Amino acid sequence: MHPLLDNVQLVAFDLDGTLMDSLPDMAVAVDAAMRQLGLPAPGMVRVRHWVGNGARVLMQRALVDTAGQAVSEARLDEAHAAFLDHYARAPCKLTRLYPGAREALDGLRAAGLTLVLITNKPEAFIAPLLEHFALQHHFALCLGGDSLAERKPDPMPLLHAAEFFSVAPTRCVMVGDSRHDVMAGKAAGFRTLAVPYGYNHGEPVGLSQPDGMLESLAQLV
């Protein structure tokens, strides 16, 4: 196993950009939502830089970037609802697991580690994605961006998971693709591992100084 997993009991994973390349389906939903609002579709290249802080922030960024100015809460509510509607229709059509993800989850689970999923994606979309890839049994706990009062980069979801399983934070690892994962992990007292291939607002995740970098999740096992 990876050296940073020495004496670890719990491994927390981010979802989008870490385990799965879900950007294509999210971009389709953003484009459809924007067109529904009479606005131009931004496309996947631009959407890539907006994901990571939950669906509402995603649509806020899409609206602000397109309009070039702040938007009203009512307009944001409309855009958010439109995105959720379109994304719910096909959250798994174009989404793919990253190479090494299944091998890592299988190996860690077989080794007896507790695996948890901590994402800023709305909780309602977690189960369909995990079931689509037959990964639902790998995780002992799944937390979405709306599961608790705070989401990453706040450490609350990580600390909740550690407390839920009565594991000291020093014996936990956070694995993600963005600065929000690293920040949350450090704030919670977790060890942090990052992958360079995900969505991190256009900047190298290594700038956030995680404890380690993984070219592939397969390196965990």
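The values are calculated or read from the model by the stated rules, or taken from the named source; none is laboratory data. Just so it is clear, the model here is predicted, and its values are computed rather than measured. Because the Cβ atoms are built from the backbone with ideal geometry, glycine has one as well, and the counts that use them run over all protein chains shown. Just so you know, the surface numbers come from the protein's heavy atoms only, side chains and all, with ligands and any DNA or RNA stripped out. Shrake-Rupley method; radii C 1.70, N 1.55, O 1.52, S 1.80 Å.
How many residues, within the range 8-44, are more than 18 Å from the chain's Cα centre (by Cα) and assigned to a helix (DSSP H, G or I)?
Adding up the residues that qualify gives 6.
Output yes when any residue across the range 170-181 is out of contact with any helix residue (DSSP H, G or I) (no Cβ under 6 Å at 6 or more places or on another chain), open to solvent by 40 Å² or more (accessible area, probe 1.4 Å), of a type in the set (Ser, Thr, Tyr) and touching a residue at least 24 places away in the same chain (Cβ under 8 Å), and no when none is.
no
Which helices (runs of 4 or more DSSP H) sit wholly inside the range 79-176 and have at least 2 residues that are basic (Lys, Arg)?
Ranges flagged: 101-110.
Can you name the residue in the range 151-164 that is open to solvent by 60 Å² or more (accessible area, probe 1.4 Å), over 15 Å from Asn120 (Cβ atoms) and not acidic (Asp, Glu) and is also farthest from the chain's Cα centre (by Cα) among such residues?
Phe164
Could you tell me whether the range 144-157 includes any residue that is closer than 19 Å to Ser22 by Cα and not charged (D, E, K, R)?
Scanning the range 144-157, I find at least one residue that is closer than 19 Å to Ser22 by Cα and not charged (D, E, K, R), so the answer is yes.
Among the residues of the range 51-82, what is the count of those that are farther than 15 Å from Gln36 by Cβ, in contact with a Pro (Cβ under 8 Å, 6 or more places away or on another chain) and not small (Gly, Ala, Ser)?
Of the residues in the range 51-82, 1 are farther than 15 Å from Gln36 by Cβ, in contact with a Pro (Cβ under 8 Å, 6 or more places away or on another chain) and not small (Gly, Ala, Ser).
Tell me yes or no: at least one residue of the range 52-66 is among the hydroxyl-bearing types (Ser, Thr, Tyr), in contact (Cβ under 8 Å) with a residue 24 or more places away in the chain and open to solvent by 10 Å² or more (accessible area, probe 1.4 Å).
Scanning the range 52-66, I find at least one residue that is among the hydroxyl-bearing types (Ser, Thr, Tyr), in contact (Cβ under 8 Å) with a residue 24 or more places away in the chain and open to solvent by 10 Å² or more (accessible area, probe 1.4 Å), so the answer is yes.
Restricting to the range 67-78, name every residue that is in contact with a helix residue (DSSP H, G or I) (Cβ under 7 Å, 6 or more places away or on another chain), open to solvent by 60 Å² or more (accessible area, probe 1.4 Å) and in a helix (DSSP H, G or I).
Within the range 67-78, just Arg75 meets the criteria.
Exactly one condition in (1) in contact with a Lys or Arg (Cβ under 6 Å, 6 or more places away or on another chain); (2) closer than 23 Å to Pro99 by Cβ; (3) open to solvent by less than 10 Å² (accessible area, probe 1.4 Å) is not met by Leu214; state its number.
Answer for Leu214: the failing condition is (1).
Pairs under 8 Å by beta carbon, first residue within 10 Å of Pro169 (Cβ to Cβ) in the range 185-200, partner polar (S, T, N, Q) and open to solvent by less than 10 Å² (accessible area, probe 1.4 Å), six or more apart or different chains?
Once the first residue is within 10 Å of Pro169 (Cβ to Cβ) and sits in the range 185-200, its partners that are polar (S, T, N, Q) and open to solvent by less than 10 Å² (accessible area, probe 1.4 Å) give Gly185/Thr192.
Filter the range 118-144 for residues that are of a type in the set (A, V, I, L, M), surrounded by 15 or more Cβ atoms within 10 Å (Cβ to Cβ) and either over 16 Å from Met156 (Cα atoms) or touching an Asp or Glu at 6+ places or on another chain (Cβ under 8 Å) (or both) and give the result.
Result: Ile118, Ile126, Leu129, Leu130, Leu135, Ala140, Leu143.
Of all residues in the range 2-22 being of a type in the set (A, V, I, L, M) and buried (at least 21 other Cβ atoms within 10 Å of the Cβ), which is nearest to Phe164 (Cα to Cα)?
Among those residues, the one meeting the criterion is Leu10.
Look through Tyr87, Tyr98 and report the one residue that is open to solvent by 20 Å² or more (accessible area, probe 1.4 Å), aromatic (Phe, Trp, Tyr) and at pLDDT 95 or above.
Tyr98
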